[in-house]
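Notes to accompany the following structure.
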Amino acid sequence: MYLELQKQLAAHLRAVLKAKYSIEIENIPVEIPPELKFGELATPIALQLARTLRRAPKIIAQEIVEALGALPGFAGFEVAGAGYINARLDRAAGVRAIAGVGSHPSDKNNDVARVGHPAFVPDSAKDHVLVEHTSINPNKAAHIGHLRNAILGDTFVRLLRASGSQVDVQNYIDNTGVQVADVVVGFVHLEGKSLAEVRALLDKLKQKGERIDYYCWDLYARTSQWYEQGSAEENAERKKLRYATLHALEEGDNETAEVAELISTAVLRRHLETMLRLDIEYDFLPRESEILHLKFWDVAFEQLKQTGVLYFETEGKNKGCWVMRRPGAEIAEGELDEDAKVIVRSNGTITYVGKDIAYHLWKFGLLPGRDFGYKKFFTYPDHECWISAEQGEEEHPHFGGAQAIYNVIDSRQSDPQANVIQALRGMGHTEQADRYTHFSYEMVALTPRCAVDLGYDVSPEDQARPYIEVSGRKGFGVKADDLIDKLIAATSEEVEKRQTSRDEAERQKIAGQIAIGALRYFMLKFTRNSVIAFDFRDALSFEGETGPYCQYAAVRIRNIFRKGGTTEAAVLVEMTELAPAQVAGFLEGEEAEDIWALWLRAGRRSLVLDQAITASEPAYLAKHAFQLAQEFNNFYHKHHILTEENPAKKTFLLATAAVAFRELVTVLAWLGIETPEAM
RNA sequence: GCGCCCGUAGCUCAGCUGGAUAGAGCGACUGACUACGAAUCAGUAGGCCGGAGGUUCGAAUCCUUCCGGGCGCACCA
């Protein structure tokens, strides 16, 4: 509702300014004032115009107000302060619009059930968007840093879908990189296992219900240490082993590669299971092995040479390599650029950025004659997740060829990401380069206290730091499944205390929903740029600005309707049958301001969604959900609904609760948080 | 050395394209459960928005500079 009114007012102001002063302003600022006493919308435009018009801002504001006249939905305009123009809404009309009975055409995704449901039909006029997130090396268990990535990515997918975009979710699998090679070195050389023995180990773990990703977590850390534990000569030999193994993986078709395939696939499956606990699903898992074996690079290489993005270096330290300019590099024509980025090494192998360029050309549908094979890999309740293959199944969906892409990757990778964008731009794909978003975020680190509690050795220097970076290589961090288990244990304890009349299965379900709500909200409440210093005390908190707080507000409303013997939908219809004057009456006076504020907050959803997508910042919606919950809880304490004697007022209060419920449930669903039946 | 990010209440963080009196949670202290269940609410204390200049009607927000912290700058992925 807010978004529409804001646009209407801006358009009307634009027309007035053009007619009255012959001034055309593209973006007229229309903001939400800090307090309700200044109205519901305001513009400082007169302050801005004061200079060009060489007149006092208050006078200009007065003239504009007179020229504005009447606008549907608005009760009036007034000049305030130094020259603000404040707009007051027609409250009865506002309530009717926000209640949305008969559904407002411009807010077509109002219906909770549509969003996130398979029957939801995306807006065909909108883009086909590709979001890549998670992308954990398949050689160890997922940790809290990966959780931030996956939760941010998954939430952003939900937001894009809510706005009408068609979105494919990809999880890139680097199954032929050094990290997988390292754990293979661990299995083959540290543990001396053959392919058959590795297979036997997987079966054994499966039977015992143990997690292979946990096994690899320890083995990977041990192998990383092993490279540095021996004498200088031994270490040199071990490093050779490492690169020989890496080479074997890239080549494929050998026993080492088979061990890698076995391990990485098993670990990948575990990652998908872990993420499914958080309600995170994927559509496609492109693997590096296919990018290599299906020779995506050959096509990309030709294009890069033809467009002059890559050139062969004949001098300096990069002699014999194919290199490209870094973004922003200022080098005179013909001068040696020693800082150039190597894409093809002098031995003919391709660097990571090179492979990434080829992959991104594919993402945008710019790699003619090359595509993955597709195989079914993992089945979700309502769809399949596909994985890349050299020879896929006959029938398969098509991925790639997107109009816009988002890569959820931590901020440490902004340089290589910038290189890929630079390459696209250099090849003349400027539109694609503009629609390539590195959705970057800061890492999750541990507070020193948390690290000590977990039993890690923490050096005195590290103790003094505000936070310590987690490291898979060192085996230092909090595993995702451990954290989820711990959260469920904590919520179960609370649910046991409170829900004594419910059976075990119901209590389990509720505890799970609250645990996931707490975890997802915790990862979303911080803006992307801030480092999360992880601490169990904060993450296990269910009070204050948390997921459970928001869920609790919605559950309270559920209880009101259960006890009141009516439904949200029925009450909203009843309310629209009240006379507008009567509704307006309930919104008058000091006492009613908080009720009106709650309605206004409810009307802000599409505006906040818009901002969150534009800024790629899911935290905006997390904050919005919290504010909704907070305002409802405040309302709940001030107004006792079910004992209200005036039937019309009771209907109105119930409608207020109904709208708050609808908004909370919808926004929480966008955040991937379910609303439990009871708490 | 170069590049990016951060510095706001005791702690953890919001503050949208510059706008009206800088906000929240936690922690501390006071209060509120025979109400729609207190995983809640009300209240109190707590701030030279890292420092200094500038831009303008107006700066936590933009520019410059300094200080403090983090992360990147491979023929590693």
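The values are calculated or read from the model by the stated rules, or taken from the named source; none is laboratory data. Worth saying up front: this structure is predicted, and the values here are computed from it rather than measured. Positions of Cβ are backbone-derived with ideal geometry, glycine not excepted, and every protein chain shown enters the neighbour counts. To get the accessible areas, we keep the full protein, side chains included, count just its heavy atoms, and leave off ligands, DNA and RNA. Shrake-Rupley method; radii C 1.70, N 1.55, O 1.52, S 1.80 Å.
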Task: Selected residue (only one of A:Phe561, A:Phe536, A:Phe522, A:Phe626 is of a type in the set (Phe, Trp, Tyr), within 17 Å of the chain's Cα centre (by Cα) and either surrounded by fewer than 20 Cβ atoms within 10 Å (Cβ to Cβ) or modelled with pLDDT of 95 or more (or both)) - done: A:Phe522
Open item on the list: Exactly one of these conditions fails for A:Asp298: (1) free of Cβ contacts under 8 Å to residues at least 60 places away in the same chain; (2) in a helix (DSSP H, G or I); (3) in contact with an Asp or Glu (Cβ under 7 Å, 6 or more places away or on another chain). Give me its number.
Closed with: (3)
- [ ] Working carefully through the options A:Pro34, A:Pro57, find the one that is near RNA strand B (Cβ under 9 Å from one of its atoms), open to solvent by less than 40 Å² (accessible area, probe 1.4 Å) and not aliphatic (A, V, I, L, M).
- [x] A:Pro57
Open item on the list: Restricting to region A:634-650, name every residue that is open to solvent by less than 20 Å² (accessible area, probe 1.4 Å), of a type outside the set (Gly, Ala, Ser) and in a helix (DSSP H, G or I).
Closed with: A:Phe635
TODO: Exactly one condition in (1) within 11 Å of RNA strand B (Cβ to nearest atom); (2) outside any loop (DSSP other than H, G, I, E, B); (3) at pLDDT 95 or above is not met by A:Glu617; state its number.
DONE: (2)
Open item on the list: For A:Gly392, only one of the following conditions fails: (1) of a type outside the set (D, E, K, R); (2) open to solvent by 30 Å² or more (accessible area, probe 1.4 Å); (3) away from RNA strand B (no atom under 16 Å from the Cβ); (4) farther than 25 Å from A:Glu261 by Cβ. What is its number?
Closed with: (4)
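Of the residues that sit in region A:342-380 and are part of a loop (DSSP other than H, G, I, E, B) and of a type in the set (Phe, Trp, Tyr), which one is surrounded by the fewest Cβ atoms within 10 Å (Cβ to Cβ)?
Taking region A:342-380 and keeping what is part of a loop (DSSP other than H, G, I, E, B), we get A:345-349, A:351, A:364-372, A:380.
From the residues that got through so far, the ones that are of a type in the set (Phe, Trp, Tyr) too are A:364, A:372, A:380.
Numbers: A:Phe364: 21, A:Phe372: 24, A:Tyr380: 12.
It comes out as A:Tyr380.
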TODO: Give region A:48-68 a look and list any residue that's within 43 Å of the chain's Cα centre (by Cα) and under 14 Å from A:Ile85 (Cα atoms), or say none.
DONE: A:Gln48, A:Leu49, A:Ala50, A:Pro57, A:Ala61, A:Ile64, A:Val65, A:Leu68
Open item on the list: Can you tell me which residue is most open to solvent (accessible area, probe 1.4 Å) among those in region A:1-25 that are within 14 Å of A:Pro72 (Cα to Cα) and among the charged types (D, E, K, R)?
Closed with: A:Lys7
Task: region A:309-329: number of residues that are under 18 Å from A:Ala418 (Cα atoms) and more than 11 Å from RNA strand B (Cβ to nearest atom) - done: 4
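State the number of residues belonging to region A:631-677 that are within 7 Å of RNA strand B (Cβ to nearest atom) and in contact (Cβ under 8 Å) with a residue 24 or more places away in the chain. Before you say what the answer is, go through the steps one by one.
Filtering region A:631-677 down to residues within 7 Å of RNA strand B (Cβ to nearest atom) leaves A:633-634, A:636-637, A:639-643.
In the following step, the residues that additionally are in contact (Cβ under 8 Å) with a residue 24 or more places away in the chain were identified as A:633-634, A:636, A:639, A:641-642.
So the count comes out to 6.
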- [ ] Return yes when A:Glu234 is more than 30 Å from the chain's Cα centre (by Cα), closer than 23 Å to A:Glu191 by Cβ and in a helix (DSSP H, G or I) and no when it is not.
- [x] yes
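Yes/no per residue for (1) within 14 Å of RNA strand B (Cβ to nearest atom); (2) within 30 Å of A:Asp415 (Cβ to Cβ); (3) surrounded by fewer than 17 Cβ atoms within 10 Å (Cβ to Cβ):
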position: A:Pro460; (1), (2), (3): yes, no, yes
position: A:Arg465; (1), (2), (3): yes, yes, yes
position: A:Ile468; (1), (2), (3): yes, yes, no
position: A:Gly472; (1), (2), (3): yes, yes, no
position: A:Lys479; (1), (2), (3): no, yes, no
position: A:Asp482; (1), (2), (3): no, no, yes
position: A:Ala490; (1), (2), (3): yes, no, no
position: A:Val495; (1), (2), (3): yes, no, no
- [ ] With respect to A:Gly69, determine if the residue is out of contact with any helix residue (DSSP H, G or I) (no Cβ under 8 Å at 6 or more places or on another chain), not polar (S, T, N, Q) and not assigned by TED's automatic domain parsing to the domain that holds A:Glu590.
- [x] yes
- [ ] Within region A:520-576, track down each residue that is within 8 Å of RNA strand B (Cβ to nearest atom) and among the small types (Gly, Ala, Ser).
- [x] A:Ser530, A:Ala533, A:Ser541, A:Gly544, A:Ala553, A:Gly564
- [ ] Out of A:Tyr243, A:Tyr214, report the one residue that is under 37 Å from the mean Cα position of the chain (by Cα), modelled with pLDDT under 95 and aromatic (Phe, Trp, Tyr).
- [x] A:Tyr243
TODO: Name the residue, out of A:Val571, A:Val665, that is out of contact with any Lys or Arg (no Cβ under 7 Å at 6 or more places or on another chain) and more than 30 Å from A:Ile151 (Cα to Cα).
DONE: A:Val571
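Could you tell me which of the residues A:Asp283, A:Asp298, A:Asp339 is in the same structural domain as A:Val198 (by TED's automatic domain parsing), open to solvent by 10 Å² or more (accessible area, probe 1.4 Å) and under 28 Å from the mean Cα position of the chain (by Cα)? Write out each step before concluding.
Numbers: A:Asp298 fails: under 28 Å from the mean Cα position of the chain (by Cα); A:Asp339 fails: under 28 Å from the mean Cα position of the chain (by Cα).
Of the residues listed, the single one that is in the same structural domain as A:Val198 (by TED's automatic domain parsing), open to solvent by 10 Å² or more (accessible area, probe 1.4 Å) and under 28 Å from the mean Cα position of the chain (by Cα) is A:Asp283.
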TODO: Scan A:Gln611, A:Gln582 and give me the residue that is open to solvent by 40 Å² or more (accessible area, probe 1.4 Å), more than 12 Å from RNA strand B (Cβ to nearest atom) and of a type in the set (S, T, N, Q).
DONE: A:Gln582
Open item on the list: Being part of a helix (DSSP H, G or I) and surrounded by fewer than 16 Cβ atoms within 10 Å (Cβ to Cβ) is true for just one of A:Glu591, A:Glu574, A:Glu543. Which residue is that?
Closed with: A:Glu591
Task: First in region A:445-473 and in a loop (DSSP other than H, G, I, E, B), second anywhere and open to solvent by 60 Å² or more (accessible area, probe 1.4 Å), Cβ under 6 Å, 6 or more apart - done: A:Thr447/A:Tyr467; A:Val458/A:Val452
Open item on the list: Could you tell me how many of the residues in region A:497-519 are surrounded by 15 or more Cβ atoms within 10 Å (Cβ to Cβ) and within 10 Å of RNA strand B (Cβ to nearest atom)?
Closed with: 10
Task: Residue satisfying condition, being open to solvent by 10 Å² or more (accessible area, probe 1.4 Å) and not assigned by TED's automatic domain parsing to the domain that holds A:Glu281, within set A:Gln166, A:Gln229, A:Gln225 - done: A:Gln166
